[in-house]
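Worksheet: one structure, shown below.
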Amino acid sequence: MTALAVALIATGCSSERDKEGDSGGAKDTFVFGGPGDPGSLDPALASDGETFRVTRQAFEALLKHEPGGSELAPALAEKWSGNDAGTVWTFNLRKDVTFHDGEKFNAAAVCANYDHWFNWKGTYQSSAVSYYWQTVMGGFAANEDPETPKANYKSCTAKDDSTAVIEVNEPSANLPGGFSLQALAIHSPKALKEYAKQDATAKGDAITYPKYSQVAGTVAGTGPYKVSEWNKGNKEVSLERFDDYWGEKAKIKNLVFRTIDTEDGRRQALQAGDIDGYDLVAPADVKTLESDGFQVPTRDVFNIFYVGMSQEKNAALKKPEVRQAIAHAIDRENLVKTQLPEGGVAATQFMPDTVAGYSDKVKTYPFDTAKAKQLLAGADESALKVEFCYPTEVTRPYMPAPQDMFELMKADLEKAGITVTPKPMKWAPDYLDATEAGGCELHMLGWTGDFNDGYNFIGTWFAEYDKQWGFKDKGVFDAMKAASIETDPAKRTELYKTANETIMAYLPGVPISSSPPAIAFADDVNPPKVSPLTQENFAETSFK
Amino acid sequence: MSLLSVDALSVTFAGHGTGRGAGRAGRATKAVDGVSFDVAEGQVVGLVGESGCGKSVTALALMGLLPRKGVSVGGRAEFDGADLLSMGEKKIRDLRGSQLAMIFQDPLSSLNPVVPIGVQVTEILTRHRGLKGEAARKEAASLLDRVGIPDPDRRLKEYPHQLSGGMRQRALIAMAVACAPRLLIADEPTTALDVTIQAQILELLKELVDQEGTALLMITHDLGVVAGLCDQVNVLYAGRAVETAGRRELFAHPTHPYAHGLLGSIPRLDAPRGEPLRPIRGSINDKIAWADGCAFAPRCDFYTLQCLTGTPELTEPRAPGHQVRCVNPVLPADRSADAAEVSS
Amino acid sequence: MNATPGLQKKADKIDRLAQLMERTETTSGAGLWREAFRRLRTSKTAIIGGVVIGVFVLVAIVGPWLAPYSPTAQDWRGEVFPNQGRFVGPRGENWFGLDHLGRDEFSRMLVGARQTLLVGVVSMLIGLVAGAVIGAVSGAAATLGGEPGKRLDTVIMRVTDIILALPSLLLAVSVAAVLGQSLTTVMIAVGVVQVPVFARLLRGSMLAQGSSDYVLAAKAVGIRKRRIVLTQIMPNSLSPVIVQATLSLATAIIEAAALSYLGLGNPDPAIPEWGVMLSQAQRFFDNAPMMSVYPAVGIIVTALGFTLLGEAMREALDPKLRG
Amino acid sequence: MLRLVARRLLQLIPTLLGLSVLLFLWLNRLPGGPASAILGERATEAEVARINRALGLDEPVWVQYGRFIKRIFQLDLGTSTQTGQPVWEEFTLRFPATVELSVAAIAIAIVVGVPLGYFAARRRGSWLDVTAVSGSLLGICIPVFFLALLLKGLFAVNLGIFPSFGRLSTGIDATKVTGFAVLDGLLTGEFDASWDAVMHLVLPAVALASIPLAVIVRMTRASVLEVLGEDYVRTAESKGLDKRVVRARHVLRNALLPVITAVGLLTGSLLSGAVLTESVFSFGGIGQFIRTSIDARDYPVLVGFILFIALVYVLINLLVDVAYSLIDPRVRVH
């Protein structure tokens, strides 16, 4: 027993030395802390940022966004073009690309992927599994549930080895942006054959993901890293440099994502030197970290935070005056000034000013408690009572401290004479379910764009009747429709501007702010270009 | 020359704020207050008195078993020429169990419930006689046999709760006599036992003492025990000896009103029919301090104001060697008159 | 007799003593409590605990009137910048500084005491009442119900044992899942955790009483069973329950804080409650440690107070220790 | 002995059945019932009916209960809604971490608590006693999560002595054998991995040990005080035995009996504490998983966990009973 203890202590000391040695010389492992575990290793099955953060290092789609920006850029496709109707998309593919499993990348591989997704059956058709496919391409070859949208995907043809043509039935505002999504990243055809042998199953609400997506080994993409291990017990995913990567090779050999679910925990882990960087930095910690010598690069703003209203849940909200009063009552400037990280701005409409289609001419509702009271009195709603839902145990890139923001807004509303009943809910699934179903009179939510198109913001809410908002307004819906079928980018931008003006005149909810989510790195790291879409490419990272 | 010579033994419990067993807050309690007596080799000496009179504390003081904290012990107690009271912890530990041994009142609580009898017997053999293993076990078995426990080999493996009350006391006695001590202190050894067992145990004690020539200090409230066993008797009241005499002398002529009362409260078959028992009034709690006079005065049938003029001294009003601490002893002449006066 | 005055006094004293001797000692419940109270007064632990609780209860009662400002109004919200880690510490105007939303921390602490006490007391009462009922049924069944009663007792106790085994937080969460998140839920959740404790305690103490001599005596003289339970066993079984109640107040306050930390606390975070305040403030521990320290110390000291008093009561009521 | 074990195991059956009824009722009492839990508030009536049919909720209650029990016996605890993996697998994956943590905490509590309680009792009123008593009071009164945060802030972040989160450092390439990180390292000879795992255990285990430690110190102290006043200790002293023999055989052996029972009872509170400490240290055990399951309303996990904990608790207490009866002969006859 004693001998054992001695052995432990002795090796403990030596491993301590090793660690020292590491930081002095060739440090070859970069550890990044994320707030949650990925759900699967196959991005096609996912719709959450934690999964994509990991898979993005190993998988590439046809397109991507320029590093540090939101413009589309070539990825596996060197060039792409659409026809005038927006229904036929042609991709000139990059040559000399190899998958992690040694397979060659070519047009046939691209089509194998699209056809694989299009022919999904059973549980794969659940919107919880194939959310992004359904958003971009609609339904499947054979829809099994009447609620599943109609298929928009028509075909994929390998014109030659390096030319793939993807056809859709109707033009869509989600294209070509959708081709950049991780969910539509290209997998090795050999891996796809493995995938096809395994089924996702569902029992009740619980979906059991296929084994291949839970254990490293099968999945194979083309990215600069390949997944080497997913240690669920230790909550870490390890990736290793892919030496046959077609582009610039990753600078650090090993990349590890570890889960630390609290903001404090991540910050402390960075401060303690246990990790080299983390995402979703609490605004309060930015200054502290910076003064401690850590790097906290700021992303560009690409999100929107809003207060949603459900007109069906509380009839008073059907009155425009009431909605306007609420908008006037909330002190957005104060929220921005005290809660949001540096670079945050008060919002005037449901998209940040970095998105094409942002309008300067929308109707604004400046902070004015007196005006709010007056409007309420005018609408005969001086004794207005509302239930206000807020999420607990969560921070989002657009919403760093939901509860504090809720408290500030609640105080504002109460100053305007509105009685507010707080209703906290767990973020997932309670809060998301409730807000989506229109179960909250007032609620707070937000959105980070997937790609730079106005539709990716306002289209997600106001294109048609939506339970979340519970209103039917022809003016708003028509404005959206007009923009979505326009294929000329310039014209579309103008139509989005009009749509924004229509929406803000109708005021279905109150846009509050846009803010840059902060990401932090240790002082000895050359961080990757930070992305407004939170699509950092860690292959760019190196140690100083 | 006496084996044990106790001279002016006193034990004081310091008053604790909230401590247990130490009486009222802040007041020191004198549990034993200048007790002196001798025990010769082979002699049986009785310490008699009701509970709380200080007899058990005296025994514990002699064994060095009183807690060191909050207790101060005064006087001398010479055992074989060495003072037990000022002896070092290690030295008295060596004496305990080998030269000095003690038997306690409640055999069940005095035996460790989770250790087999055998271990509890052999551990003392190991400690003082260096016996180990099989030798110790054999000796233990013969000890049990000696104290009259049948089937000793089986009993050695058993636990205290598996034995009857009398058997447990026998086991305790076996432990006490294991190393042939020169002085055995028995603190109410029969109180917790059935009457039939009591006699057997007393018989056993007597036998052992006679065989080995062991001196016995018998602590009891039971005058019957005293009558059957003791050579010399000390009656204690409130921490002081109030009467000291040979057994016969004391039973024949109880002179202190307390001793007199004690004897009077024993039912006697030869008493005239219809004559009531005469219990002593009250309890030992209702005493005054010795410094203010006679502590027994509040309960005394014969008290006069003289009783309160100061601590009465030990005198020999009746016979040499028969010491009494009383200013108004019960002597043949005035006894019945006074009693009649007070009780009317 | 030529008695001196001093002697006469002593004689009187003795007469009085003699009178006193005639009186038999009472062992009634009232005597037990009086005795316990006397012991409590002389116990240092009890005094410290009592003073702490006294101050706490006083603050809980009058705190809202003492508070210099509204605990919920964000009067200074322009001065606090959580997004930059800039907070306002103690100053003339605000003795404890401001919280992260520009509210007066001192006022929040004062008013929070009441909420904290409320949560503690109500949840303890829930646990006590429910636990006492279960324990009493079980105990009565075991002592007086014969074989079937014993079986019922075993079943009840096994189930409470299991509940006792469940992590209290999980239990609380289960309750919250059924009832939804509210202050009532917090109280019920924390209370439910205490139920098996009280049940077990009361039952155990009833069993002990049930086999005691005076109950045997009552049975022997043919007093009705229900009457024995109500008039003999119950009153005498209550003292450990009361001790536990005091100790439970401490646990309840800590437990409520843990629930807040897990995000299951009072749904309206504006209403000050120490547990909620602590879990809110710990995010800012690096920049404004005092914001966490005030409620943490409040919770710890109060819990200590209740624990000390409970311990002292336990000692005072322990018949083994009675002189 | 075997009979005792057998009897206790038999007693387990009604207990677990009772618990399963409670659980079953609880599940059915969830707002809106399972269908709503599954579908959320979006559910239309038709969907609810469909799900109810699919889950057999339109059948009589006892049929449903029967199925519930059957599934439990098949170890089919369902699938976690968070991870999409079978609950049973999630448990086996995470359980070793929590066991390791709990065992470490209990070990700390016993190794420190028993001697501390013992010496506090021996030297009643000394500074050691006062420190032990007030320290244990503080241990009970300080919220576990706050203590964990303080420990982490001081020893991990500021002093950097211990790692701030997780079970193993990144880059430690430990071979998985049993899932118990410390043990695995010893088995495979990867001592550095074991050492690393031990370092990761220290802070959470100390935080988790605070309550059991406090309880054990107080129990031991009170128990030793009581035993010191027992007649049999005086008897032992009167035999002139060595101090060591008196302490070990006569004082501690008796004084530890209630402490053993307490340790069994502490299991429950230990797991409560694990939920909090594992969260603070992102430890990746059952505790943290339960916390995220609470947040995500992952009922299959919660139900499975409750059953599981009940079983563990009962088994631990069985062990305690057995241990108790080995030490205390009086229990054997009854």
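The values are calculated or read from the model by the stated rules, or taken from the named source; none is laboratory data. None of these values were measured; they are calculated from a predicted model. Ideal geometry is used to build each Cβ from the backbone, glycine not excepted, and the neighbour counts take in all protein chains shown.
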Subject >> Residue tally, condition at pLDDT 90 or above and either of a type in the set (Phe, Trp, Tyr) or not in a helix (DSSP H, G or I) (or both), over the stretch D:144-155 >> reply: 2
**OP:** Give the residues of the stretch A:442-484 that are part of a helix (DSSP H, G or I), closer than 21 Å to A:Ser513 by Cβ and of a type in the set (A, V, I, L, M), sorted by residue number.
**Re:** A:Ile458
Original post:
Within the stretch C:287-308, is even one residue within 13 Å of another protein chain (Cβ to nearest Cβ), at pLDDT 80 or above and part of a loop (DSSP other than H, G, I, E, B)?
Top reply: yes
**OP:** Kindly indicate whether any position in the stretch A:440-453 is more than 15 Å from A:Tyr306 (Cβ to Cβ), more than 14 Å from chain D (Cβ to nearest Cβ) and out of contact with any Ser or Thr (no Cβ under 7 Å at 6 or more places or on another chain).
**Re:** yes
**OP:** Return yes or no: is C:Arg91 charged (D, E, K, R) and in a helix (DSSP H, G or I)?
**Re:** no
Subject >> Residues satisfying the stated conditions in the stretch A:58-110, i.e. acidic (Asp, Glu) and in contact with an Asp or Glu (Cβ under 9 Å, 6 or more places away or on another chain) >> reply: A:Asp84
**OP:** Select from the stretch B:237-258 the residues that are surrounded by fewer than 20 Cβ atoms within 10 Å (Cβ to Cβ) and of a type in the set (Gly, Ala, Ser) and list them in ascending order.
**Re:** B:Gly246, B:Ala252
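Table: residues versus (1) farther than 26 Å from A:Met425 by Cβ; (2) among the basic types (Lys, Arg).
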{"residue": "D:Leu276", "(1), (2)": "no, no"}
{"residue": "D:Gln288", "(1), (2)": "no, no"}
{"residue": "D:Arg291", "(1), (2)": "no, yes"}
{"residue": "D:Tyr299", "(1), (2)": "no, no"}
{"residue": "D:Leu302", "(1), (2)": "no, no"}
{"residue": "D:Ile306", "(1), (2)": "no, no"}
{"residue": "D:Leu311", "(1), (2)": "yes, no"}
{"residue": "D:Leu315", "(1), (2)": "yes, no"}
{"residue": "D:Asp321", "(1), (2)": "yes, no"}
Original post:
Would a scan of the stretch A:379-402 turn up a residue that is in a helix (DSSP H, G or I), away from chain D (no Cβ under 14 Å) and of a type in the set (D, E, K, R)?
Top reply: no
Original post:
Given the conditions (1) touching a residue at least 24 places away in the same chain (Cβ under 8 Å); (2) surrounded by 20 or more Cβ atoms within 10 Å (Cβ to Cβ); (3) within 14 Å of chain D (Cβ to nearest Cβ), which single one is not true for A:Asp430?
Top reply: (1)
Original post:
Quick one: D:Leu203 ticks every box in (1) touching a helix residue (DSSP H, G or I) at 6+ places or on another chain (Cβ under 9 Å); (2) modelled with pLDDT under 90; (3) not in a loop (DSSP other than H, G, I, E, B) bar one, so which box is it?
Top reply: (2)
**OP:** Would you check which residues across the stretch B:39-75 are assigned to a strand (DSSP E or B) and either among the hydrophobic types (A, V, I, L, M, F, W, C) or surrounded by fewer than 16 Cβ atoms within 10 Å (Cβ to Cβ) (or both) and list them?
**Re:** B:Val39, B:Ala40, B:Val44, B:Val45, B:Leu47, B:Val48, B:Val71, B:Ser72, B:Val73, B:Gly74
**OP:** Mind counting the residues in the stretch A:270-293 that are surrounded by 20 or more Cβ atoms within 10 Å (Cβ to Cβ) and away from chain C (no Cβ under 14 Å)?
**Re:** 6
Original post:
Do we have A:Tyr195 as of a type in the set (Phe, Trp, Tyr), within 14 Å of chain D (Cβ to nearest Cβ) and either over 23 Å from the mean Cα position of the chain (by Cα) or over 30 Å from D:Phe289 (Cα atoms) (or both) here?
Top reply: no
Original post:
Do we have any residue at all in the stretch A:219-232 that's closer than 30 Å to D:Phe95 by Cα and either assigned to a loop (DSSP other than H, G, I, E, B) or over 25 Å from the mean Cα position of the chain (by Cα) (or both)?
Top reply: yes
**OP:** Sort out which residues of the stretch A:411-441 are among the charged types (D, E, K, R) and in a helix (DSSP H, G or I), and write them in order of number.
**Re:** A:Asp412, A:Glu414, A:Lys415, A:Asp430, A:Asp433, A:Glu436
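So that you can scan it fast, the table gives a plain yes or no per residue for (1) hydroxyl-bearing (Ser, Thr, Tyr); (2) modelled with pLDDT under 90:
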residue	(1), (2)
A:Asn452	no, yes
A:Lys467	no, yes
A:Asp478	no, no
A:Thr487	yes, yes
Original post:
What residue, of B:Leu108, B:Leu84, B:Leu131, is under 20 Å from the mean Cα position of the chain (by Cα), at pLDDT below 90 and crowded, with 17+ Cβ neighbours inside 10 Å?
Top reply: B:Leu84
**OP:** Kindly check whether there is at least one residue in the stretch A:105-128 that is among the basic types (Lys, Arg), surrounded by fewer than 17 Cβ atoms within 10 Å (Cβ to Cβ) and out of contact with any Phe, Trp or Tyr (no Cβ under 9 Å at 6 or more places or on another chain).
**Re:** no
Subject >> Pick from the stretch C:72-102, criterion touching a residue at least 40 places away in the same chain (Cβ under 8 Å) and within 12 Å of chain A (Cβ to nearest Cβ), ranking: surrounded by the fewest Cβ atoms within 10 Å (Cβ to Cβ) >> reply: C:Arg86
Original post:
Quick one: in the stretch D:179-194, which of the residues that are assigned to a helix (DSSP H, G or I) and facing chain A (nearest Cβ under 10 Å) is surrounded by the fewest Cβ atoms within 10 Å (Cβ to Cβ)?
Top reply: D:Leu186
**OP:** For D:Ala105, state whether it is buried (at least 21 other Cβ atoms within 10 Å of the Cβ), in the same structural domain as D:Lys176 (by TED's automatic domain parsing), over 14 Å from the mean Cα position of the chain (by Cα) and not basic (Lys, Arg).
**Re:** no
Original post:
Can you name the residue in the stretch C:252-273 that is part of a helix (DSSP H, G or I) and of a type in the set (A, V, I, L, M, F, W, C) and is also farthest from C:Leu169 (Cα to Cα) among such residues?
Top reply: C:Ile253
**OP:** Could you please give the count of residues in the stretch D:157-173 that are touching a strand residue (DSSP E or B) at 6+ places or on another chain (Cβ under 9 Å) and modelled with pLDDT under 80?
**Re:** 2
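Per-residue answers, yes or no, for (1) hydroxyl-bearing (Ser, Thr, Tyr); (2) modelled with pLDDT of 65 or more:
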site: D:Arg3; (1), (2): no, yes
site: D:Val21; (1), (2): no, yes
site: D:Ser36; (1), (2): yes, no
site: D:Ala49; (1), (2): no, yes
site: D:Gly56; (1), (2): no, no
Original post:
Within the stretch C:302-316, is there a residue that is in contact (Cβ under 8 Å) with a residue 60 or more places away in the chain and under 23 Å from C:Arg91 (Cβ atoms)?
Top reply: no
**OP:** Considering only residues that are among the small types (Gly, Ala, Ser) and within 10 Å of chain D (Cβ to nearest Cβ), look in the stretch C:272-286 and name the one that is surrounded by the most Cβ atoms within 10 Å (Cβ to Cβ).
**Re:** C:Gly275
Original post:
Got a number for residues in the stretch D:249-300 being facing another protein chain (nearest Cβ under 7 Å), over 18 Å from the mean Cα position of the chain (by Cα) and not in a helix (DSSP H, G or I)?
Top reply: 2
